[in-house]
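The values are calculated or read from the model by the stated rules, or taken from the named source; none is laboratory data. For clarity, every value in this text was computed on a predicted model and none was experimentally measured. Positions of Cβ are generated from backbone atoms using ideal geometry, with glycine treated the same way; all protein chains shown enter the neighbour counts.
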Amino acid sequence: MIRDSEKIEKQVLQQITPTKKDRETLEKTIKELKDKVTEEIEKNNVPASIELVGSTAKDTYLTNSLDIDLFLIFPTSISREHLQEMGLSIGRSLLEKKEECFAEHPYIRGYFKGYKTEIVPCYKIESSSQKLSAVDRTPLHTKYVKEHLAEKQKHEVRLVKQFLKGIDCYGAEAEVEGFSGYLCEILVLKYGSFQNLLLHVQHWHYGKQLSLNTGTFPRFDTPLIFIDPVDNERNVSSALSKEKFNLFVKACKEYIKKPRITFFFPNKIKPWPLDKIRNETKTREFIGVKIKKPDIIAENLYPQVRKAMRSVIDLCAKYDFPIMDSFFHINDNSIYIILLPEKSKLSKTMFHMGPPVDLKSNADDFIKKWVNNPRTIKKPFEKDKRLYAEIEREYVEIKKLLKEQIKNLSLGKHIDLIVQKDFTILEHQDLFKENLCTLWTGYLDKKMHWER
């Protein structure tokens, strides 16, 4: 298998390692961007220096996926407001298709000469103890990796990144909740190579702790804990979800058993015909909530959608519609929250359990509440030394519950505003449309990325 994996990894590296021409084009573009930023700095008397950070600075970028991360480094004597104002101004003037993002303070993300580019203001610090915001550490990360990562290990980092991309675990952003580029680099520093990393990962369990330094470090309740070598108080893997942690462990085990190129470059999902999807789901009663997608960046959108889904699930459970499975889907215009309830319809009445009869005060309150309540079908009675009452349910159908109560939930700042005006409850038959075939195929076939 080692021979098979070496052959595959060599093939992968041929596709993801920048060529001489790639490097020349990128370096020329970076120089042009730096020159233009310098012009803006000098023209406006901005007290900042420029530093290239991230994978392009460390030469760990993939030819099919790279960003230019340029930091404007200000002295700590500059106010936060002034730093933001000057940093945003330069970013706005130079980038195309730009959007304002936020990482403790705003920065500009956009494109320069076709390359995804970020222009980020930060403070100049010599150690993490001086940091005024989280992004101030980033130049220290770049410096650390450049000083410690051997030339031959850059290819190992590239393999780790492409493997994670292939299994949909690459990126610490909210959309993915996976492994950052910096985490990939320090994992290679820890284990030396892609192959050695995989051999260790297959034995990882929730709460695995790693560090490059010696000493005693803080505890974090996360699937993976990797102490930042430039900041002992920080967990580099804090954004990693339990789902993506488990997926990575599983993928490592499977790759060691049977290496395949599809771990790095998975095949696209081939959508099932609509009839097959309907046939596969006919014994399950799905229901969905369709909400117009707010015009906000992914970093703000995905946490709100996850919060909205949790709130909807909790609502259903509160009214005796426990949810067996759930997922969400976001396309260009809409958010779909899809639920599989245990039942979509309930009996008209229910036996409501009260307190034990020997808790007299509580028992009196229960009797008082339900003895003449309009919803009461059978007045409070004793059974096995506890009070009960038979009452009408508030909601018999999950559809009506969602339709009437979603507006009262806390779904997320931007989603709340949209839901107050408009949303659609999609019953089972409404969820199976041609434009959602790929989504349903991925959900129903249960195949891992590398198995397709």
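Hey, can you tell me all the residues within segment 64-79 that are in contact (Cβ under 8 Å) with a residue 24 or more places away in the chain and over 21 Å from VAL53 (Cα atoms)?
Within segment 64-79, just ILE78 meets the criteria.
Taking the conditions exactly as written (basic (Lys, Arg), surrounded by fewer than 13 Cβ atoms within 10 Å (Cβ to Cβ) and closer than 30 Å to PRO294 by Cα), does LYS407 satisfy them or not?
yes
Which of the residues belonging to segment 179-228 are of a type in the set (S, T, N, Q) and either touching a residue at least 40 places away in the same chain (Cβ under 8 Å) or part of a loop (DSSP other than H, G, I, E, B) (or both)? Walk me through it before giving the result.
Restricting attention to segment 179-228, the residues satisfying the condition of being of a type in the set (S, T, N, Q) are 180, 193, 195-196, 202, 209, 211, 213-214, 216, 222.
Hits for segment 179-228 are SER180, SER193, GLN195, GLN202, SER211, ASN213, THR214, THR216, THR222.
Scan segment 254-275 residue by residue and report those that are more than 29 Å from ARG306 (Cα to Cα) and of a type in the set (Lys, Arg).
Those that are more than 29 Å from ARG306 (Cα to Cα) and of a type in the set (Lys, Arg): LYS257, LYS258, ARG260.
At least 2 residues that are over 30 Å from GLU177 (Cβ atoms) in each: list the strands (runs of 3 or more DSSP E) lying fully within segment 271-373 that qualify.
Working: elements: 287-292, 323-330, 334-341, 349-356.
Ranges flagged: 349-356.
From the list ILE8, ILE41, ILE30, pick out the single residue that is assigned to a helix (DSSP H, G or I), under 26 Å from PHE163 (Cα atoms) and among the hydrophobic types (A, V, I, L, M, F, W, C). I'd like the intermediate steps shown before the answer.
Numbers: ILE41 fails: under 26 Å from PHE163 (Cα atoms); ILE30 fails: under 26 Å from PHE163 (Cα atoms).
So the residue among ILE8, ILE41, ILE30 that is assigned to a helix (DSSP H, G or I), under 26 Å from PHE163 (Cα atoms) and among the hydrophobic types (A, V, I, L, M, F, W, C) is ILE8.
Can you name the condition, by its number, that GLU100 falls short on among (1) of a type in the set (Asp, Glu); (2) at pLDDT 85 or above; (3) in a strand (DSSP E or B)?
Just one mismatch for GLU100, condition (2).
Would it be correct to say that ARG234 is part of a strand (DSSP E or B) and among the basic types (Lys, Arg)?
So ARG234 fits the description; yes.
Can you name every residue in segment 274-289 that is in contact (Cβ under 8 Å) with a residue 12 or more places away in the chain and over 26 Å from LEU346 (Cβ atoms)?
Within segment 274-289, LEU274, ILE277 meet the criteria.
Answer yes or no: is there a residue in segment 252-273 that is under 26 Å from ILE398 (Cα atoms) and buried (at least 19 other Cβ atoms within 10 Å of the Cβ).
Looking through segment 252-273, none of the residues is under 26 Å from ILE398 (Cα atoms) and buried (at least 19 other Cβ atoms within 10 Å of the Cβ).
Table: residues versus (1) within 26 Å of SER180 (Cα to Cα); (2) not assigned by TED's automatic domain parsing to the domain that holds LYS116.
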{"site": "VAL12", "(1), (2)": "yes, yes"}
{"site": "GLU32", "(1), (2)": "no, no"}
{"site": "GLU40", "(1), (2)": "no, no"}
{"site": "ALA48", "(1), (2)": "no, no"}
{"site": "SER55", "(1), (2)": "yes, no"}
{"site": "ASP69", "(1), (2)": "yes, no"}
{"site": "SER93", "(1), (2)": "no, no"}
{"site": "LYS97", "(1), (2)": "yes, no"}
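Which of the residues spanning segment 48-75 are outside any strand (DSSP E or B) and modelled with pLDDT under 90?
Initial filter on segment 48-75 (outside any strand (DSSP E or B)): 48, 54-61, 63-64, 66, 75.
Within segment 48-75, ASN64, LEU66 qualify.
Which one of LEU439, LEU387, LEU409 is not assigned by TED's automatic domain parsing to the domain that holds LYS290 and not hydroxyl-bearing (Ser, Thr, Tyr)?
Values: LEU439 fails: not assigned by TED's automatic domain parsing to the domain that holds LYS290; LEU409 fails: not assigned by TED's automatic domain parsing to the domain that holds LYS290.
So the residue among LEU439, LEU387, LEU409 that is not assigned by TED's automatic domain parsing to the domain that holds LYS290 and not hydroxyl-bearing (Ser, Thr, Tyr) is LEU387.
When you scan segment 242-257, do you find a residue that is closer than 30 Å to GLU100 by Cβ, of a type in the set (A, V, I, L, M, F, W, C) and either at pLDDT 95 or above or more than 17 Å from the chain's Cα centre (by Cα) (or both), even just one? Give the steps one after another, and end with the answer.
Our first condition is that a residue be closer than 30 Å to GLU100 by Cβ; within segment 242-257, this holds for 243-244.
Narrowing further to those that are of a type in the set (A, V, I, L, M, F, W, C): none.
Checked segment 242-257: no residue is closer than 30 Å to GLU100 by Cβ, of a type in the set (A, V, I, L, M, F, W, C) and either at pLDDT 95 or above or more than 17 Å from the chain's Cα centre (by Cα) (or both).
Just name the residue that is nearest to ALA239 (Cα to Cα) out of those in segment 202-222 that are surrounded by 13 or more Cβ atoms within 10 Å (Cβ to Cβ) and out of contact with any Leu (no Cβ under 9 Å at 6 or more places or on another chain).
Taking the candidates together, the pick is PHE220.
Is segment 155-167 home to any residue that is in a loop (DSSP other than H, G, I, E, B) and outside the structural domain of ILE30 (by TED's automatic domain parsing)?
So far as segment 155-167 goes, yes, one or more of its residues are in a loop (DSSP other than H, G, I, E, B) and outside the structural domain of ILE30 (by TED's automatic domain parsing).
Which ones in segment 353-373 are under 46 Å from the mean Cα position of the chain (by Cα) and under 11 Å from LYS385 (Cα atoms)?
Listed by number, the residues that qualify are GLY354, PRO355, PRO356.
Taking the condition among the aliphatic types (A, V, I, L, M), closer than 16 Å to ILE418 by Cβ and buried (at least 16 other Cβ atoms within 10 Å of the Cβ), does LEU315 pass? Explain how you work it out, then say what you get.
Details: among the aliphatic types (A, V, I, L, M): yes; closer than 16 Å to ILE418 by Cβ: no; buried (at least 16 other Cβ atoms within 10 Å of the Cβ): yes.
Here the answer is no, as LEU315 does not meet what is asked.
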